[in-house]
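Everything on this sheet refers to the single structure shown next.
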Amino acid sequence: MGGISVRNLLSFLERKDKKLLLFLSKVRLKEESNKLLLITEDPVLKKRLEEIFKLSDAPEGVEVLLEGEEEKKDSEDLPFTEGLNPRYTFENFITGEGNRVAYEVARRIVEEPGKFYNPLFIFGKVGIGKTHLLQAIGNSALKRGYSVIYKTASDFSEEIVQALKGGSIEGLRKKYKAVDFLLIDDVQLLSGKVRTQTELFNIFNHLVLKDKQVVLASDKHPKQLRDIPERLVSRFAGGVVLEIRLDPVTKLEIIKAKLKELKVEVEDRLLQTLMESVPDNVREIEGAIKSFKISGEVPVKEEVSSIEKVISAVASHFGLSAQDLKGSSRSRRVSQARQVAMYILRKVFKASLPEIARTFSKDHSTVIHAIRKVEEERRRSRKFDNILCFLEKNLSSKF
Ligand code: ADP
Ligand code: MG
């Protein structure tokens, strides 16, 4: 037979079960060479349709699929990925009392995704390895042939908003619903972003229902998240929620490992000073060791952490995270916020160019360029100048 026509299909359905016609809005039709695919998100409807098309007088060439199954068919054996940085692995993650459970659960879910802990929700203070763990999960899953998307909540939100504006939201939903691992970082930044929350809610339900693994990280326990609706919070907490901390033993291990990595030798006495002078924040430990390598002095605690505070404050003013600013995104929003942070650190807090460059992992000509750009933009735009006046005033009195 030369493929079934939609008209035949409809008249057959009408004959067998009129009620089904009422549910046609829940069915997507797709023609494929000699076949007609009926795709639906509703498992009950799928079952009923299958029964009907098994009847002996049913037209041939009809296949009933659950939404998502069909995407698998299209792209079989072609894992896709977004947002992963190969630098972060399980192998270079140092474990100890404060993070061991999270680490072990993370490894386990790569071995058996979607089965045990779905979603996995990791929370903890800044700079203690949440992003590292999420990325390690992603890299390891990718190696095993799974499709993985890693996104910070703010990048995710930006993507959703753009797609809603540009009419490409269907494609985006399809992309997210086709992943095996969805890793969303800095979930606290979803607060107040209503449309993004709705999209995430739908994608989330779809994935979890299909036993696809979702992993979330945040600086707060789900229950402490603000301006995120209860239905989403309860989904976040519906798998397993684990906190990671930096206990003293692990902290010392990390300091030793980072010293070795950066080829810095120190006496035991200095190791102790480092322990006490740096906060429980691995990023700042790295920063402190790097600056020690250059200057030979252990930086005082306050100096290191006020830089971090300023970056966080500027980031949150722009609806971003410190991690975004320190990352490599070149989207206009992120790079402008990054430039503003550099500018304020230099002009208000008198941080040195190498210090700023190091904090952002950039070279110092980039910092000079950033400062110039901000100066230009201040002259050009009244609105921008106002924002900066506000930030300068606000931050200089705070830190
Ligand atoms: P968070 O996302 O919690 O703010 P990150 O994952 O970005 O923190 O960690 C900050 C830096 O510290 C990264 O460079 C990361 O590789 C490193 N780091 C954090 N925890 C560990 C760990 N347990 N072992 C090795 N490196 C770590
Ligand atoms: Mg992070």
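The values are calculated or read from the model by the stated rules, or taken from the named source; none is laboratory data. Not measured: the values here are computed from a predicted model. FYI the Cβ positions are ideal-geometry reconstructions off the backbone, even for glycines, and counts take in every protein chain you see.
Computed quantities for the displayed model
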{"quantity": "Any chance ASP219 is within 16 Å of ligand 2 (Cβ to nearest atom), more than 30 Å from GLY96 (Cβ to Cβ) and within 14 Å of the chain's Cα centre (by Cα)", "calculated": "no"}
{"quantity": "Residue identified as within 16 Å of ligand 2 (Cβ to nearest atom), over 15 Å from the mean Cα position of the chain (by Cα) and of a type in the set (A, V, I, L, M) among LEU225, LEU207", "calculated": "LEU225"}
{"quantity": "Any hit, the range 159-180, residues being modelled with pLDDT under 95, among the hydroxyl-bearing types (Ser, Thr, Tyr) and within 16 Å of ligand 2 (Cβ to nearest atom)", "calculated": "no"}
{"quantity": "Every pair of residues 6+ apart whose Cβ atoms lie under 6 Å, when the first sits in the range 237-252 and is hydroxyl-bearing (Ser, Thr, Tyr) while the second is surrounded by 15 or more Cβ atoms within 10 Å (Cβ to Cβ) and part of a loop (DSSP other than H, G, I, E, B)", "calculated": "THR250/GLY96; THR250/GLY98"}
{"quantity": "Entirely in the range 65-152, the helices (runs of 4 or more DSSP H) that have 3 or more residues that are within 16 Å of the chain's Cα centre (by Cα) and within 16 Å of ligand 2 (Cβ to nearest atom)", "calculated": "130-143"}
{"quantity": "For LYS309: the one exception among (1) in contact with a helix residue (DSSP H, G or I) (Cβ under 6 Å, 6 or more places away or on another chain); (2) part of a helix (DSSP H, G or I); (3) in contact (Cβ under 8 Å) with a residue 60 or more places away in the chain", "calculated": "(1)"}
{"quantity": "Answer residue from the range 99-126, given it is of a type in the set (Gly, Ala, Ser) and more than 9 Å from ligand 1 (Cβ to nearest atom) and is surrounded by the most Cβ atoms within 10 Å (Cβ to Cβ) among those", "calculated": "ALA102"}
{"quantity": "Those residues of the range 313-358 which are within 15 Å of ligand 2 (Cβ to nearest atom) and either assigned to a helix (DSSP H, G or I) or over 24 Å from LYS393 (Cβ atoms) (or both), in sequence order", "calculated": "ALA315, SER316, ALA322, GLN323, ASP324, LEU325, LYS326, GLY327, SER328, SER329, VAL334"}
{"quantity": "Options ALA153, ALA136, ALA141; residue that is more than 20 Å from GLU243 (Cα to Cα) and among the aliphatic types (A, V, I, L, M)", "calculated": "ALA141"}
{"quantity": "Members of the range 127-162 found to be more than 17 Å from GLU82 (Cα to Cα), aliphatic (A, V, I, L, M) and surrounded by 21 or more Cβ atoms within 10 Å (Cβ to Cβ), listed by number", "calculated": "ILE128"}
{"quantity": "Some residue of the range 139-156 being under 29 Å from GLU112 (Cα atoms), within 16 Å of ligand 1 (Cβ to nearest atom), β-branched (Val, Ile, Thr) and at pLDDT 95 or above", "calculated": "yes"}
{"quantity": "Extreme residue, farthest from SER295 (Cα to Cα), among residues of the range 341-352 that are at pLDDT 90 or above and out of contact with any Asp or Glu (no Cβ under 9 Å at 6 or more places or on another chain)", "calculated": "ALA341"}
{"quantity": "Subset of the range 318-335 (residues that are within 19 Å of LEU388 (Cβ to Cβ) and free of Cβ contacts under 8 Å to residues at least 40 places away in the same chain)", "calculated": "PHE318, LEU325, ARG332, VAL334, SER335"}
{"quantity": "Within the range 239-292, tally of residues that are more than 11 Å from ligand 1 (Cβ to nearest atom), assigned to a helix (DSSP H, G or I), aliphatic (A, V, I, L, M) and buried (at least 18 other Cβ atoms within 10 Å of the Cβ)", "calculated": "4"}
{"quantity": "Residue in the range 13-35 that is modelled with the highest pLDDT, counting only those that are more than 37 Å from the chain's Cα centre (by Cα) and within 13 Å of GLY61 (Cα to Cα)", "calculated": "LYS35"}
